[in-house]
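Taking it in order: structure first as structure tokens, then the write-up.
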Amino acid sequence: MLMMYGMDRLGPLLHGAARAMRKRFEYRMREMGLSSAQWRLLVNLARQERMTQAGLADLLDVEPISVSRLVDRMEAAGWVARETDPRDRRVRLIVPTPKARLAHEDIRAIADEVYDEALNGLSATERDTLVKGLSAISANLSGLSLAALSLWMMTGFSPQMGRWPVITSGVVQGLGLGLVFVPLSTVAFGTLDPKFRADATSLFSLVRNIGSSIGISIVTVALSRNLQINHAELGATVTPYNPILGRMAPAAAAGDPAAPTGLDGLVNMQALMVSYLGDFKLMMIVCLSALPLTLLLRKPMPRPSGASR
């Protein structure tokens, strides 16, 4: 059915269009002397006015040490400056220089030109339809959906599997989490006044770490509890009266004193595997349950010019 509508070309077309637009935009940025990492930092910093390095690392989804080196280079080039937080002298804030603010206006103008070039020949109605269609695709394949998909894939793990199920589910999960945390950070800071963002960065990281700790605690408790239950249920079938045991492990059925140790190891392995599968299923349900919450998100309303001063 998909072939009838040319849907077999959808993936290559989306990838090719995104790649062509990105290359075109980065080519224009190189004319301004900005690398991909530098213009991304400038755009985020222009929106937030001032941020800590940890906050920038969250928005850019990179390690803080990488942001530190990037800021060092951009500070030397006059794009950004470091200031001491007036409320906490231990905290250093990254702020855009006048040069960076002017460049941000140029970046927006270049982005508009690239969009106009890419959408040349499309009417306003066609452009609106395109945006709505891509928005629907993005919603259908959101980070939470990909994370849930990877967890569903992990519910099929077994002690006899090869390496590819682990690799495939890991790649899907990494992509999903990347699509969760970056938009989440952007939405969290999108409506904040710049003067509160240094504190908000610390609070955001604190709440996220507390939530992660609670989640880890819950799945660890569930794993330990299910391990005991599964071990008891599986161990109850290991008796001399079980005909399957006699066929699969005749030494144990015959009373070999060394056999119970090996059987207990197998029971532990299977009980632990089943317990992990239960945890994967629990986390998948949590991800799917969180999907409706994305409907509550709204595009932040722009603040009036000068409102943050």
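Values in this text are rule-based calculations from the coordinates and carry no lab data. It should be emphasised that the depicted structure is a prediction, and the values quoted were computed from it without experimental measurement. Cβ sites come from the backbone with ideal geometry, for glycine too, and all protein chains shown count toward neighbours.
Figures for the structure shown
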read-out: For L93, distant residues with modelled amide H under 5 Å away; value: E83, T84, D85
read-out: Relative contact order [Cα under 8 Å, 6+ residues apart], the chain, whole percent; value: 19
read-out: Per-residue Cβ neighbour rank within 10 angstrom, fewest leading, T129, T97; value: T129, T97
read-out: Burial ordering of R247, R24, fewest other beta-carbon atoms within 10 Å first; value: R247, R24
read-out: Phi-based couplings in Hz for the stretch 230-239 (Karplus 6.51, -1.76, 1.60; Gly and Pro marked x); value: 5, 5, 5, 5, 6, x, 5, 8, 8, 9
read-out: Local electrostatic count, L227, Cβ distance below 14 Å [Lys/Arg +1, Asp/Glu -1]; value: -2
read-out: The chain - mean residue ellipticity at 222 nm from DSSP helices (-39,500 (n - 2.57) per run, n ≥ 4, rounded to 500); value: -23500 deg cm²/dmol
read-out: Only Lys, Arg (+1) and Asp, Glu (-1) charged, at Cβ; the stretch 179-296 dipole about Cα centre in debye; value: 280
read-out: Net dipole in debye of the stretch 13-110 [+1 Lys, Arg Cβ; -1 Asp, Glu Cβ; about Cα centre; nearest 20]; value: 200
read-out: Residue-count net charge about D106 - beta-carbon cut-off 12 Å; Lys, Arg +1, Asp, Glu -1; value: 0
read-out: Between 0 and 90°, nearest 10: helix 98-118 axis offset from the chain longest Cα axis; value: 70
read-out: Dipole-positive endmost among L288, G55, L175 within the chain (Cβ charges, Cα centre); value: G55
read-out: Charge dipole of the stretch 172-295 about the Cα centre (unit charges at C-beta), most positive-ward option of P260, Q270, F189; value: F189
